[in-house]
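The values are calculated or read from the model by the stated rules, or taken from the named source; none is laboratory data. Everything numeric here is computed off the predicted structure, so don't read it as measured data. Reconstructed Cβ throughout: ideal geometry from the backbone, glycine too, with neighbour counts over all protein chains shown. Areas reflect the complete protein model, heavy atoms only, side chains present, ligands, DNA and RNA absent. Shrake-Rupley method; radii C 1.70, N 1.55, O 1.52, S 1.80 Å.
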Amino acid sequence: MDRGGPTPVPTSGSGTGALRIQHSTRLPDFLQSVNLKYVKLGYHYLISNLLTLCIVPLIAVTLIEVSQMNLDDVRHLWFHLQYNLVSVIICSTVMVFGLTVYTMTRPRPVYLVDYSCYRPADDLKAPFHRFMEHSRLTGDFDDSSLEFQRKILERSGLGEETYVPEAMHCIPPTPSMAAAREEAEQVMFGALDKLFASTNVKPKDIGILVVNCSLFNPTPSLSAMIVNKYKLRGNIRSFNLGGMGCSAGVIAVDLAKDMLQVHRNTLAVVVSTENITQNWYFGNKKSMLIPNCLFRVGGSAVLLSNKSADRRRAKYRLIHIVRTHRGADDKAFRCVYQEQDDVGKTGVSLSKDLMAIAGGALKTNITTLGPLVLPISEQLLFFATLLVKKFFNGNVKPYIPDFKLAFDHFCIHAGGRAVIDELEKNLQLLPIHVEASRMTLHRFGNTSSSSIWYELAYTEAKGRMHKGNRVWQIAFGSGFKCNSAVWEALRNVRPSQSSPWEDCIDNYPVKLVA
């Protein structure tokens, strides 16, 4: 390859094979000597620190001027201030008033003290062969439906150790109200017991309780079940969110955050789960069979605090929450829809347009989130590309911001293999960025709104969470919604006690079949 240097050219004449040197007039091929990613990285650092670079010379000039002042200059300045005492008092009053208003009105920081994820008993595991055998023995599925479920399982990204509720292990299954309550109690109380044990928090200290479960909403509510079990105080502010899909975990955190802005020195607990027992589909409509193959038992409990004293022991600080709702569009509203099939059997139907609708919701969400988290360098590139596309060349591809510059870790809702694949592609992520999502889907399946917490636990168990790291939790849900939460690590985070990954993390990541 010609790199622009001297080129040896053979000459005729003597048999010695003499060479004469011919100098090339071509410029060096800079693409061979400079890796453009470092150019972009340098641009990123330059723009991100532009304000600092401008302020430093100003500070230096000010210090030089101050250092050259003599005693007469200082005395002159003092006399000047004495004759303008009224102006000094007014300026001081305005400054004090402004600082007071700012201190009183600024949002209170919300800290994530700790969280826990429920891990079911081993006897609830559902390997593929047992899943298919039990499906066949129920007698509710025809051959076409059984074959469809088998193919979905093989392509889903789920492993052989996911869990289904006890009622689904019975032959025939026993999807009763009592069994559904038992599943809810096992999951919620199992997660809360671990949370209280790891944080040494007394249940009576909890001032706010938010529970989200989309498909199971008994009376009394799930939040009331928790109040009764742990004898929470009588003035607790409890909320029960239902029907809000897999992104309800972020919604629950957002509600708890808003409550913590109002009530001082308060602890909040957010419990996220889904209930499968009464929501298994026993029919033959293909679009309603997919949830059977993806959804599995799981749940999480998160302890939040607005107490300044809790910062020392907290793992994370909540930075942003961005929520996107596309329910005004009919297609988006019906793309995840609970209904009855032609023979009256209830299930959740997934539309063939689901991925396209999710993509639109994601686009809206990251358009809102981007200016809040992206460095100014990425925002300038995006804006410049937008202007060129609009006014000069409509064929210019839109610039996709590099979210890897804003976040160190990604917790993408483990809704299914296709969801993770699409986000990896569209956000231009690396395999390590989606590893936590893929491995959570493989080990625990789609645990609905709690999946983002299993993913965070995976990152911690791998020892990858360091002080100052930023985490992006993003989830999709019926409605149709796309919600994001951004957290910042306050220290090098170690795995929580009784982590769901504690006895298997060394086996991951596993190689998935394409």
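A few notes on this one:
- Placing pseudo-labels 7 Å out from each Cα toward the beta carbon at LYS204 and LYS425 gives an inter-label distance of 5.7 nm.
- Here the calculated FRET efficiency for ASN235 and GLU488, from their Cβ-Cβ distance with R0 = 45 Å, stands at 0.90, rounded to the nearest 0.05.
- Straight-distance crosslink candidates among aspartates and glutamates, where the alpha carbon sits under 15 Å from LYS467 and sequence neighbours closer than 8 are dropped: ASP408, GLU488
- In range of the label at PHE333: residues from the range 228-251 whose backbone nitrogen is under 11 Å from the point 7 Å along Cα→Cβ: none
- The range 254-333-the range 442-464 distance, computed between alpha-carbon centres (Å): 14 Å
- Within the accessible area of the chain (1.4 Å probe), percent carbon and sulfur: 59 percent
- Gain upon complete extension [PHE97, THR368; 0.36 nm per residue less C-alpha separation]: 94.3 nm
- Per residue accessible area of the range 432-471, 1.4 Å probe, in Å²: 22 Å²
- Within the chain, helix-based [θ] at 222 nm, where runs of 4 or more DSSP H residues each add -39,500 (n - 2.57), nearest 500: -13500 deg cm²/dmol
- Here the gap between CYS54 and ALA224, fully extended at 0.36 nm per residue and compared with their Cα-Cα distance, gives a gain of 55.5 nm.
- Helices of the chain meeting both criteria, an alpha-carbon length of 20 angstrom or more along the long axis and an average Kyte-Doolittle score not below -1.0, with helices taken as full DSSP H segments, are 50-67, 85-105, 177-199, 248-262, 354-373, 376-391.
- Using θ = phi - 60° and Karplus 6.51 cos²θ - 1.76 cosθ + 1.60, couplings along the range 235-247 (whole Hz; Gly, Pro as x): 9, 5, 9, 10, 9, 10, 9, x, x, 9, x, 6, 9
- Hydrodynamic radius (Kirkwood) for the chain, which is based on Cα pairs only, to one decimal in Å: 26.7 Å
- Partner lysines whose Cα lies under 18 Å from the Cα of LYS352, excluding those fewer than 8 positions away in the same chain, are identified as LYS151, LYS285, LYS286, LYS331, LYS481.
- Annotation: for a label point projected 7 angstrom from Cα along Cα→Cβ of MET177, residues of the range 215-229 with backbone N closer than 17 Å are 215-225.
- Summarising the label geometry, the points placed 7 Å from Cα in the beta-carbon direction at VAL66 and LYS397 lie 5.1 nm from one another.
- The modelled label-to-label distance between GLU160 and ASP258, using points 7 Å beyond Cα along the C-beta direction, is 4.7 nm.
- Over 31 Å (Cα to Cα) - which of LYS125/LYS229; LYS231/LYS257; LYS257/LYS363; LYS204/LYS462; LYS315/LYS404; LYS389/LYS511 fall in this group: LYS204/LYS462; LYS389/LYS511
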